[in-house]
Amino acid sequence: MKRKNCVTDARRKTKIGILTSLAIILCIALSLGYVRFAQGYRVFRAPAHEETAAEGLPEAGQGWQELPVKEGYTIGLETAPMVLGGGLQVNLANYAENAVWILARIYQEEELIGQTGVLYQGEYVAQVPCEKTVSAGDTVLLQIIAYEPETYHSEGVARISCQVQ
């Protein structure tokens, strides 16, 4: 009788050991999966307001154009931006009548070289500082990103290829 209890106890201990090991392995696998998922997960951070934004409209240069992007907003900007002390004179305007906030990014050969903060309705930014030297004759891509006010839901992106003057 004692022998049968010893065998039963041994089997029970073996089962408990196996189940415990499986539970530990499962916890480790879930932890590693979570860490891997968390590394790939990016949290949206609302861009800051443009510090150099001014109210109204900039003085229009030679390449100034009003560009209707879609219903609800039109932008004004220099389509032939000029080099101006470590940046580009873009005169980007977000009209007061627009239903969006905008932000501009400047790319050269697919590399981000400059960016504004958010422009609210009725604001403009004259110059965008660039992290890389840009020369007259270079081609840059201006990417204008529109956001729904307060929520930052995307309202679309406009891309304009420009030759620097």
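The values are calculated or read from the model by the stated rules, or taken from the named source; none is laboratory data. Just so it is clear, the model here is predicted, and its values are computed rather than measured. Cβ placement follows ideal geometry from the backbone for every residue including glycine, while neighbour counts extend to all protein chains displayed. We work out accessible area using only protein heavy atoms, side chains counted, and drop any ligands, DNA or RNA first. Shrake-Rupley method; radii C 1.70, N 1.55, O 1.52, S 1.80 Å.
Quick check for you: with a 1.4 Å probe and neighbouring chains kept, what is the accessible area per residue of the range 9-102, in Å²?
Spelled out: the 1.4 Å probe surface of the range 9-102, per residue, equals 73 Å².
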Would the chain count as rounded, prolate or oblate if I go by the C-alpha gyration tensor, calling it rounded below 1.5 in a/c and otherwise prolate when a/b exceeds b/c, oblate otherwise? prolate
Simple spin-label model, 7 Å along Cα-to-Cβ: Leu112 to Ala99 in nm? 2.8
Would you kindly derive the ³J(HN,Hα) couplings of the range 92-106 from the backbone phi angles with the Karplus curve 6.51 cos²θ - 1.76 cosθ + 1.60 (θ = phi - 60°), listing them in order in whole Hz, with x for Gly and Pro? 6, 10, 10, 4, 4, 7, 5, 9, 9, 9, 10, 8, 10, 10, 10
Rounded to the nearest 500, what is the chain's calculated 222 nm mean residue ellipticity when only DSSP H runs of at least 4 contribute -39500 (n - 2.57) each, over all residues? -8500 deg cm²/dmol
Accessible-area ranking of Lys70, Lys15, largest first, probe 1.4 Å: Lys15, Lys70
Heavy atoms only, probe 1.4 Å: what % of the accessible area of the chain goes to carbon and sulfur, would you let me know? 55
State, to one decimal in nm, how far the label point of Leu141 lies from the label point of Leu84, with both points 7 Å from Cα in the Cβ direction. 2.5
Students sometimes get this wrong: rank Tyr73, Tyr120 by accessible area, probe 1.4 Å, all chains present, largest first. Tyr120, Tyr73
How big is the accessible area of Ile102 in square angstrom, nearest 10, if you roll a 1.4 angstrom probe over the protein chains? 0
Using a 10 Å Cβ count of at most 10 others and DSSP loop calls, identify the longest part of the chain lacking such GluC sites (Glu not before Pro). 1-50
Expected unfolding gain across Glu66-Thr151 under the 0.36 nm per residue rule, minus the alpha-carbon gap, is 28.0 nm
Top of Ala23, Ala60, Ala46 by mean-square fluctuation, Gaussian network on the chain, Cα under 10 Å: Ala23
SASA check, Val90, accessible area w/ 1.4 Å probe, all protein chains in place, rounded to nearest 10 Å², comes out at 10
Can you list residues whose amide H is under 5 Å from Asp138's amide H, if they're 5+ apart or on another chain and H is modeled 1.01 Å from N? Val164
Report the extension gain between Thr14 and Ile28 in nm, rounded to one decimal, defined as 0.36 nm multiplied by the number of residues separating them, less their alpha carbon distance. 2.9 nm
Given charges at Cβ of Lys, Arg, Asp, Glu: the chain dipole, positive-most of Gln143, Ala10, Gly117: Ala10
Which sequence of Leu84, Leu67, Leu19 reflects their accessible areas, 1.4 Å probe, from the largest down? Leu19, Leu84, Leu67
